[in-house]
Amino acid sequence: MNDLPQTPIALDDFIEPAVPAPHRTRQAKVVWGSRVVTVGGGAPVRVQAMTNTDTVDAIGTAIQVKELSVAGSEMVRITVNTPEAAAAVPYIRDQLDRMGIDVPLIGDFHYNGHRLLSDHPACAKALSKYRINPGNVGKGDKHDKQFAQMVEVAAKYDKAVRIGVNWGSLDQELLTGMMDANAKLAEPFEPQQIMYRAILTSAIQSARRAEAIGLRGDQIILSCKMSGVQDLISVYRALAKRCDYALHLGLTEAGMGTKGTVASTAALGVLLQEGIGDTIRVSLTPQPGEARTQEVVVALEILQSLGLRSFNPSVTACPGCGRTTSTTFQELAKQIDDFLRAQMPVWKLRYPGVEKMKVAVMGCIVNGPGESKHADIGISLPGTGEAPAAPVFINGEKALTLRGDNIAAEFHALVERYIDKRFGATTAEHPTAHA
Ligand code: SF4
């Protein structure tokens with residue numbers, strides 16, 4: 001017998017819309033000149049990236065920082081691993097300023113950061129934020145001293161600090177101590193539990209020490225990076241419950257290509273939906289020949305897909321199937337997507353709000369008109385056997401029908417005209433400055 005009600009959804013049933021939870025952290029400020037990138041405390045989730053150039057190559061590094069910034073990275077981290085690299089940092093900063101790239105620079109320090117920051121004050125000043133890995137600041141009694149030395153420089157120059165724990169370089173003395181204590185329990189916990197606790201302890205304890213040394217809580221950003229998706233989710237949920245520092249979120253060593261993209265998206269998507277994560281980095285290994293900016297592209301797409309931010313007009317395209325055997329709609333969708341992305345550096349200044357626009361490029365009559373009506377401007381191309389006509393919908397209404405061999409170019413022109421008419425009236429501020 002079927003017990004299901006005749007009308008499973010009553011007209012007055014309320015379907016809870018999925019909305020990302022609010023972020024409840026303190027707000028850190030990462031500053032360069034008049035550029036202030038706020039992190040946490042209700043600010044938009046920030047995108048950051050890291051260079052893979054040799055920092056000693058100041059010009060090469062400045063060029064890559066510029067590329068990452070233009071692609072949408074709001075802060076860029078560079079390796080500072082040697083005295084030569086530290087000496088290059090002010091030149092990189094200067095070069096960026098000359099190019100008009102005011103993106104804040106973050107210095108990534110391991111092992112010798114205390115010396116580099118103390119010996120190179122120009123480097124310490126040119127950086128807007130320092131990344132300190134508490135697992136890599138020295139062993140034994142040097143650990144606390146060297147950690148304190150870095151924090152004191154940050155306090156002196158009023159810089160933000162990320163205390164960045166990584167399970168691949170976790171403080172081994174801390175972990176061993178916790179493992180030994182666990183082994184003595186009548187019923188020891190699984191090693192995974194102790195690993196999680198050690199990672200969280202390292203991060204939170206280090207942050208409290210930094211505050212005791214002289215940093216304000218709103219100068220501190222925390223991260224606890226793991227390479228397993230479920231591990232990362234477990235640790236960040238626990239971290240968010242136990243502190244209100246702004247959180248840097250990323251799946252470490254995510255890998256290459258599709259694997260790295262999907263794993264990062266899965267992990268970050270779950271956490272961001274729960275309101276966890278104030279700035280993200282997607283740690284993709286570039287495939288041979290792939291641009292470093294791909295990690296920024298993926299980070300932007302994650303935030304835009306979740307509805308957390310808008311960076312580029314979105315193109316909805318159907319996957320295609322046996323109803324459309326030509327590749328026309330795939331080519332048109334790609335052309336439109338490439339065109340919109342290429343124009344955005346100029347358009348975001350000229351056409352405020354254009355980043356929220358939705359364009360649909362569909363393959364046949366089944367979903368084409370419906371999906372096109374939901375978009376701001378959409379085209380439903382003819383499927384196999386359909387009349388060679390492509391209706392165009394603007395603001396939900398059928399506006400005209402394109403025919404012939406020039407459909408792609410004509411639709412392109414229609415999109416441009418639509419943007420100019422709808423978004424062309426005012427001028428925008430820099431989208432991230434002072435936000
Ligand atoms: S819109 Fe048409 S071509 Fe595209 S996936 Fe649906 S049925 Fe297939």
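The values are calculated or read from the model by the stated rules, or taken from the named source; none is laboratory data. Quick caveat, the model's predicted, so the values are computed rather than measured. So basically every Cβ, Gly included, is an ideal-geometry build from the backbone, and we count neighbours across all protein chains shown. Surface areas here come from the heavy atoms of the whole protein model, side chains and all, with no ligands, DNA or RNA. Shrake-Rupley method; radii C 1.70, N 1.55, O 1.52, S 1.80 Å.
One table, with the values for the structure above:
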quantity: Extension gain (nm, one decimal) between SER118 and ARG341, 0.36 nm per residue minus Cα-Cα; calculated: 76.0 nm
quantity: Global form of the stretch 335-432, assessed from the alpha-carbon gyration tensor, a/c cut-off 1.5; calculated: prolate
quantity: Karplus 3J(HN,Hα) series, Hz, for the stretch 379-388 with 6.51 cos²θ - 1.76 cosθ + 1.60 (x for Gly, Pro); calculated: 10, 10, 7, x, x, 4, x, 7, 4, x
quantity: Alpha-carbon centroid distance for the pair the stretch 164-230 / the stretch 241-263, whole angstrom; calculated: 17
quantity: Net length gained if the chain between ASP94 and ASP13 were fully extended (0.36 nm per residue, minus Cα distance); calculated: 23.2 nm
quantity: Ordering of 221-229, 95-103, 394-402 by packing [mean C-beta count within 10 Å, highest first]; calculated: 221-229, 95-103, 394-402
quantity: Percent carbon-and-sulfur accessible area, the stretch 239-394, ignoring ligands, DNA and RNA, probe 1.4 Å; calculated: 55
quantity: Square roots of five times the Cα gyration tensor eigenvalues for the stretch 261-303, Å; calculated: 21, 9, 7
quantity: Net dipole in debye of the stretch 95-241 [+1 Lys, Arg Cβ; -1 Asp, Glu Cβ; about Cα centre; nearest 20]; calculated: 260
quantity: The stretch 226-300 - Rg (one decimal) and Dmax (whole number), Cα, Å; calculated: 12.4, 42
quantity: Prolate/oblate/rounded call for the stretch 144-275, Cα gyration tensor, a/c under 1.5 rounded; calculated: oblate
quantity: The chain: Rg to Rh, with Rh as the Kirkwood radius over Cα pairs; calculated: 1.04
quantity: Dipole moment magnitude, nearest 20 debye, the stretch 56-180 about Cα centre, only Lys, Arg, Asp, Glu C-beta charged; calculated: 180
quantity: Amide H within-cut-off set for VAL392, under 5 Å, with H built and near neighbours excluded; calculated: ALA399, LEU400, THR401, LEU402
quantity: Fraction in percent of alpha-carbon pairs per bin - 5 Å, the stretch 208-357; calculated: 2, 8, 15, 15, 16, 15, 13, 8, 4, 2, 1, 1, 0, 0
quantity: Efficiency of FRET from Cβ geometry, ILE59 and GLN192, R₀ 45 Å, rounded to 0.05; calculated: 0.50
quantity: Cα centroid of the stretch 5-73 to Cα centroid of the stretch 374-397, whole Å; calculated: 34
quantity: Where a label projected 7 Å from the Cα of THR327 along Cα→Cβ would reach, residues of the stretch 354-386 with amide N under 20 Å; calculated: 361-364, 381-385
quantity: GNM result for the chain, Cα springs below 10 Å: residue of PRO188, PRO44, PRO17 fluctuating most strongly; calculated: PRO17
quantity: For the chain, calculated [θ]222 nm from helices alone, where every DSSP H run of n ≥ 4 adds -39500 (n - 2.57); calculated: -14000 deg cm²/dmol
quantity: Vicinal HN-Hα couplings computed from phi for the stretch 282-294 (Karplus, 6.51 cos²θ - 1.76 cosθ + 1.60; Hz; Gly/Pro x); calculated: 9, 8, 8, 7, x, 6, x, x, 7, 6, 4, 5, 4
quantity: Accessible surface of the stretch 114-232, 1.4 Å probe, proportion on carbon and sulfur as whole %; calculated: 51
quantity: The chain: antiparallel DSSP beta bridges as a percent of all, rounded to 5; calculated: 25
quantity: Antiparallel %, DSSP beta bridges [both residues in the stretch 1-160], to 5; calculated: 30
quantity: Charged-residue dipole, Cβ positions (Lys, Arg, Asp, Glu), the stretch 287-435 about Cα centre, Debye nearest 20; calculated: 300
quantity: For the chain: accessible area per residue (Å², 1.4 Å); calculated: 48
quantity: Rounded, prolate or oblate (a/c below 1.5 giving rounded, otherwise prolate when a/b exceeds b/c) for the stretch 371-422 by Cα gyration tensor; calculated: oblate
quantity: Under 5 Å, built H, 5+ apart or other chain: amide partners of MET256; calculated: THR285
quantity: For VAL315, residues with placed amide H under 5 Å, excluding near neighbours; calculated: VAL359
quantity: Residue-wise HN-Hα coupling along the stretch 73-89, computed from phi with Karplus coefficients 6.51, -1.76, 1.60 (Hz; x: Gly, Pro); calculated: 6, 8, 8, 10, 9, 10, 6, 10, 10, 9, x, 5, 5, 4, 5, 6, 4
